[in-house]
Each structure stands twice: as C-alpha cells, then as structure tokens.
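Peer 1: Could you have a look at this structure, given as structure tokens, before my questions?
The values are calculated or read from the model by the stated rules, or taken from the named source; none is laboratory data. A quick note: this is a predicted structure, and the numbers were derived from the prediction, not measured. Every residue, glycine as well, gets a Cβ built from its backbone with ideal geometry; the counts of neighbours run over all protein chains shown. The protein model used for the area step is the full one, side chains on, heavy atoms only, and it has no ligands, DNA or RNA in it. Shrake-Rupley method; radii C 1.70, N 1.55, O 1.52, S 1.80 Å.
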Amino acid sequence: MTSSFSTNMRIKFPVLAIILEVAIIILFGIFVKYDSEDNKYLKLYPLFQDTHVMIFVGFGFLMTFLKKYGYSSVGLNMLIAALGLQWGTLLQGFWHMKSNEISINVTRMITADFSTAAVLISFGAVLGKTSPVQMLIMAILEITIFACNEHLVEILEAKDIGASMTIHAFGAYFGLAVARVLYRPSLKNGHVNDSSVYQSDIFAMIGTLFLWLFWPSFNSAIAEEGEAQKRAIINTYFSLAACTLTAFATSSLVEERGKLDMVHIQNATLAGGVAVGSCADLNILPFAAMLIGSIAGIISVVGFKYLTPFLASKLNIQDTCGVHNLHGLPGVLGGIASIIAAAAQVDTKISTAMQAAALACSIGIALVGGALTGLILKLPFLGQPPDQTCYDDSVYWEVPNEEVPQIDNPPSSDDD
C-alpha cells in the first residue's frame, strides 16, 4: 500500500471518529439524564439484550459472506452500531424532550438500537465499496433523517410496532438510493472478490440464525405490555417458520438443477420477520401471520433470483447484500399487510389512510434522503476505495498472511 494512502487513513478516519465522539459526549452532558422511573423498565432488559445481539452479531455475521471482507463486515458493523446508538439516542430524544432533558431508560436504548438497524440495512447495499470515513458520515446523516421520518409516522398515528416501514423499507430504499449515486461502472460486470466461499457462507449463516431466533424480541420489544406484546411474539414466531418453508421451496424451484442456493437461505428465511412487523401486535391471528411470512419468503427468493440482476444491469443499482429482497420488498409487504389489517378493522384504533401514508412517507423520504447522502459521500475529500480494491479487507485492516494489494498512482480523492 502506498505511503499516501497510509497517511490519509491514519489521519482522516481517527480524527473524524474522535471529533464525533467528543461532540456526542458534550451533547450527552448537556441533555441526557437518567429516567427517575427507570426501574419499571428493567423488565424490558431481556428484550433489549436480544435486540442488541441482533444488531451486533446478527447483522454483522450476516454480511460475512464475501470471501475477503469478513473483518470489515463484522468490524464496520460494530463501528456503525456504536456510533449510531449514541447519535440515535440524541436525535430520537430531541423529539421527546421534557424540560430540556432527554430521559434515558431501557426503552430509549431499544429505540436507539432500532435507529442503528436502519443504517446497518443501508450498509448492506454499499458493502465493500465504501470507506470507514464514508460510513461514519452516512450513519450521522441517515439517523438524522430516520428520526424525522419516524416522528412523522408517530404524528400520523400509524401502527408499525416491528418497523416494517420505518426501519426495513426505509433502510433498504435509503441504501439503494446511496448505491445508485455511488454507482461504479467498472463493477458492472462484477468483481473477483464479490463472491463467497464455503467457509464465508457458513459464517453468514451464523448471522442468519441469530437474527431468526431473536426476531420475536425485536418485533415485540416496545409493544404494549400484555396481550399486544404476546401477539407480537406469537405472530413473528409463526411468520418466520412459514417463511422458512416457502423460502426453501422457492429456492429449489427457481434453480435449474433444483438445488438450494445458500444466498436465498441466508436471507429469505428472515423475510417473514420483516413482513409481519407492522401488524405483529395486532389481532390478525396466527394463520394470517403465517400467510404473510409465506408470501415474504417467496417474494424474497424471487427478488434475489430475478430482481437484483435487473436492478444492477438496467438501473445501475449495485446492491451487494440484496437488501431490497430481505428488507425492501418484505418491508413494503408489511406496510400493505397493515393497510389490509386496518381495512379489515382488526383494531379500530388504526386507520387505512394513515398506514398508507406512513408507507409512502417512509419510502419517499428514504429515496430522497439517500440520494442526497450519496451526493455528499461522493465528495472527493471523503475518499473511497479504488475500484480494484473493493471487497478487500486489506485496504483498511491488517490482515495476517495476506499480500496487501498495490494501488498504482491512486488519486488523492481515493486515498481513504
């Protein structure tokens, strides 16, 4: 690696990270206080811990399928999450301040993790093609926009307890918009490192299993205590189970030799948890949750097989992890399911119009916000890995027993 690259990486990234942390600490010192009634929330700690595991272990390992990008998948996931949960606490707290104070409790910690989840979903769309500096900037910008959209959905009084619309659809379409703006023509026909090997796919399945097991906690964590929370757990449980069967079956059907595709199994088996989120706590009955999960498994696999190549070849959207198929399409399905639930009056407190408005706002704001964020991330001084070194850990990590790729006369804007 050239000395100029080492110098820039050694200066820009740590300086930005330290500046952000110092600014956040100052803001915490001014605004954040302990919730005086926090003891009543301690019973939520197990659900918080499950959600925390999903964020740091589930999302991180799910993205380790790339054969030479495991360090970055897990490591940058941890970096983004650590920054995001702090910034999310502030941004979400500003909308609910009382007496110029942000009261911190376990519920606020859960919702901070939720805001981080949206960024990690978007991260999947640009995985392997961005620098740590770009990801820090994206996390700050996306969580700011996410908090505004989330507050708007609250004003609309839409139901989205498992955040199919406000986290999954938002994060997916935000990431796709960023990926479109950061499009790299030289990667149109693929990259030698944009693929998996047997061991990397096994590691990715670790992420799948953690997410699959803990998803009922994610969808029920902030549901109203009692029947609503119980319904959220049960509905998510059965939606995931049904989704898994249809995902396996559809994967075998769409492959020419009838074999299973590990990409489908790693991702589409989770789509049921995404899709049932908006109406997880509603009285839709387990059979409806299973129907939602079954449809989600099918559309997710079909998306991976047919839609991802179409987006890449026709719309110049290079979606590394296929977040559109795991989070985007199932998130939209979840929003539609909640609209149908409202129309069927499974809960008289929800409005068909408001559910539709929440879905439209989440997608629209995500696309516009993602495009603007992408334009900012393209600024030359932020830098990004050169095309030939994409999907390679050794660009930003000390990798044992690996030859560091050489960059021939890299432009100064690509040094980070």
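Peer 1: Using a 10 angstrom cutoff on alpha carbons, build the Gaussian network for the chain and name the most mobile of Ile55, Ile140, Ile26.
Peer 2: For the chain, modelled as a Gaussian network with Cα springs under 10 Å, the answer is Ile26.
Peer 1: Using a 1.4 angstrom probe on the protein heavy atoms only, could you order Trp87, Trp215, Trp95, Trp397 from most to least accessible area?
Peer 2: Trp95, Trp397, Trp87, Trp215
Peer 1: For the pair Asp387 and Ala249, how long in nm is the line joining their label points, each one 7 Å along Cα→Cβ?
Peer 2: 4.4
Peer 1: Let me ask another. Using a cut-off of 10 Å between beta-carbons, work out the net charge of the residues near Ala341 (Lys and Arg +1, Asp and Glu -1, Ala341 not included).
Peer 2: 0
Peer 1: Calculate what fraction, in whole %, of the accessible area of region 276-354 sits on carbon and sulfur atoms when a 1.4 Å probe is rolled over the protein chains.
Peer 2: Carbon with sulfur: 72 percent of the solvent-accessible area.
Peer 1: Spin-label point model (7 Å from Cα, Cβ direction): what's the Glu225 to Tyr71 distance in nm?
Peer 2: Placing both labels 7 Å beyond Cα along the Cβ direction yields 4.7 nm.
Peer 1: Shifting gears a bit: In percent, how large is the relative contact order of the chain, given Cα pairs closer than 8 Å and 6 or more residues apart?
Peer 2: That works out to 24 percent.
Peer 1: How much accessible area does Val133 have with a 1.4 Å probe, in Å² rounded to the nearest 10?
Peer 2: Accessible area, nearest 10 Å²: 10 Å².
Peer 1: Given H placed on each backbone N at 1.01 Å, which residues far from Asp35 in sequence or on other chains put an amide H within less than 5 Å of it?
Peer 2: The list, which skips near neighbours in sequence, is Ile104.
Peer 1: Right, next: With springs connecting C-alpha atoms under 10 Å apart, model the chain as a Gaussian network and identify which of Asp393, Asp319, Asp281 has the largest mean-square fluctuation.
Peer 2: Among Asp393, Asp319, Asp281, the largest GNM mean-square fluctuation belongs to Asp393.
Peer 1: Can you compute 3J(HN,Hα) from phi for each residue in region 153-168, using the Karplus curve 6.51 cos²θ - 1.76 cosθ + 1.60 with θ = phi - 60°, rounded to whole Hz and x for Gly and Pro?
Peer 2: My calculation for region 153-168 gives 5, 5, 4, 6, 6, 7, 8, 7, 4, x, 6, 4, 8, 7, 10, 6 Hz in order.
Peer 1: Can you give the net charge of the other residues whose Cβ lies under 14 Å from the Cβ of Gly297, counting K and R as +1 and D and E as -1?
Peer 2: 0
Peer 1: Let me ask something additional. Rank these by accessible area, largest first, 1.4 Å probe: Ile202, Ile265.
Peer 2: Ile202, Ile265
Peer 1: Right, another one. Consider a paramagnetic label point 7 Å from the Cα of Ala343 along Cα→Cβ; state which residues of region 121-164 have an amide N under 14 Å from it.
Peer 2: Once the point is set 7 Å along Cα→Cβ of Ala343, nothing inside region 121-164 turns out to lie under 14 Å by backbone N.
Peer 1: Longer than 22 Å from Cα to Cα, which of Lys129/Lys188; Lys12/Lys378; Lys98/Lys159; Lys129/Lys378 are they? Say none if no pair is.
Peer 2: Long pairs (Cα-Cα over 22 Å): Lys98/Lys159.
Peer 1: Which ³J(HN,Hα) values, rounded to whole Hz and listed in residue order, are derived for region 22-36 from phi using the Karplus coefficients 6.51, -1.76 and 1.60 in 6.51 cos²θ - 1.76 cosθ + 1.60 with θ = phi - 60°, glycine and proline given as x?
Peer 2: So the Karplus estimates, Gly and Pro as x, are 4, 4, 5, 4, 4, 5, 4, x, 7, 10, 8, 10, 5, 6, 5 Hz.
Peer 1: Now for a separate question. Less than 11 Å Cβ to Cβ from Cys279, Lys/Arg counted +1 and Asp/Glu -1: what total charge do the surrounding residues give?
Peer 2: Result for the local shell: -1.
Peer 1: GNM, the chain, Cα, under 10 Å: largest mean-square fluctuation among Phe61, Phe304, Phe381?
Peer 2: Phe381
Peer 1: So, one more: If you take the beta carbon distance between Lys259 and Ile25 as r and set R0 to 41 Å, what does 1/(1 + (r/R0)^6) give as a FRET efficiency, to the nearest 0.05?
Peer 2: 0.20
Peer 1: Roughly what would the spin-label model give for Ile376 and Ser186, points 7 Å off Cα along C-beta, in nm?
Peer 2: It is 2.7 nm.
Peer 1: Another question, then. Give me the accessible area of Met290, 1.4 Å probe, in Å² rounded to the nearest 10.
Peer 2: Counting only protein heavy atoms, Met290 exposes about 80 Å² to solvent.
Peer 1: Follow-up. Just to confirm, what accessible area per residue do you get for the chain at 1.4 Å probe, in whole Å²?
Peer 2: With the other protein chains kept in place, the chain gives 42 Å² per residue.
Peer 1: Here's something else I'd like to know. Would you kindly find the accessible area of Tyr237, with a 1.4 Å probe and non-protein molecules such as ligands, DNA and RNA excluded, rounding to the nearest 10 Å²?
Peer 2: Around 130 Å² of this residue is reachable by solvent.
Peer 1: Helix-only estimate, please: 222 nm mean residue ellipticity of the chain, summing -39500 (n - 2.57) across DSSP H runs of length 4 or more and dividing by its residues, to the nearest 500.
Peer 2: -20500 deg cm²/dmol
Peer 1: Is the C-alpha gyration tensor of the chain telling us rounded, prolate or oblate? Criteria: a/c under 1.5 is rounded; beyond that, a/b larger than b/c is prolate, otherwise oblate.
Peer 2: It is oblate, given that a/c is not under 1.5 and a/b is not larger than b/c.
Peer 1: While we're looking at this one, here's another question. Heavy atoms only, probe 1.4 Å: what % of the accessible area of region 46-99 goes to carbon and sulfur, would you let me know?
Peer 2: Reported share for carbon and sulfur atoms: 70 percent.
Peer 1: In what sequence, largest accessible area first, do Lys305, Lys349, Lys129 appear using a 1.4 Å probe?
Peer 2: Result, largest first: Lys349, Lys305, Lys129.
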